[in-house]
């Protein structure tokens, strides 16, 4: 399966604080260094070992090549990135002028999206795509995601 992960407040803490993985290099931006949430390496490796293809799907305007390079530097198996520019381009190509949903993983053949947003979770229910919601405060978030993936894999 192709699985995507959100960045802000899922893999990178933005509005809340939490444990980060100091063993991985940060994404250095002109005004800030962003660090990956503790457990990111464990989760991505577990998903890759199960044979899943890992993507990033974010509403941010961070550059696709910048993100791919960063995940490569971290030794993490990210295949591709959908940022806000690519999301808007796909919406335009399809002639979809509606304001929502904020993300639409099926446009990119993504089977499951992992995100902290309650709104994205609701969009998934409304528009028929799978979302695993991760609370930024969930200290055991990796186990939460892997348990949800177990259920999805069993249902296939």
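Derivation of every value follows stated rules applied to the coordinates shown; laboratory data play no part. These numbers come from a predicted model, not from an experiment. Counting neighbours? That spans all protein chains shown, and the Cβs are built from the backbone with ideal geometry, glycine included.
By per-residue mean of other Cβ atoms within 10 Å, what is the highest-first order of 40-47, 15-22?
On the way: 40-47: 18.8, 15-22: 11.9.
Ranked from most to least packed, the peptides come out as 40-47, 15-22.
Can you give the helix-only mean residue ellipticity at 222 nm for the chain, where every DSSP H stretch with n ≥ 4 adds -39500 (n - 2.57) and the sum goes over all residues, rounded to the nearest 500 deg cm²/dmol?
Helix contribution divided over all residues of the chain: -10500 deg cm²/dmol.
I'm spelling it out carefully: the read-out is Kirkwood radius over Cα pairs in Å, the candidates are (i) 16.3; (ii) 18.5; (iii) 15.9, and one was derived from this structure. Which label?
(iii)
Going by C-beta contacts inside 10 Å, put 2, 154 in order with the fewest on the left.
154, 2
With a 10 Å Cβ neighbour count serving as the proxy for reagent exposure, in which order, fewest first, do 104, 13 appear?
With the fewest neighbours first, 104, 13 line up as 13, 104.
In the chain, what % of DSSP beta bridges are antiparallel (nearest 5)?
Close to 15 percent.
May I ask you to derive the FRET efficiency for residue 85 and residue 48 from their Cβ-Cβ distance with R0 = 30 Å, giving the value to the nearest 0.05?
Between residue 85 and residue 48 the formula returns 0.70.
Given a 10 angstrom Cα cut-off, can you work out which residue in 27, 67, 89 is the most mobile in a GNM of the chain?
With Cα springs under 10 Å in the chain, the top fluctuation among 27, 67, 89 is at 89.
Segment 1-42 to segment 45-105: how many Å between their Cα centroids?
14 Å
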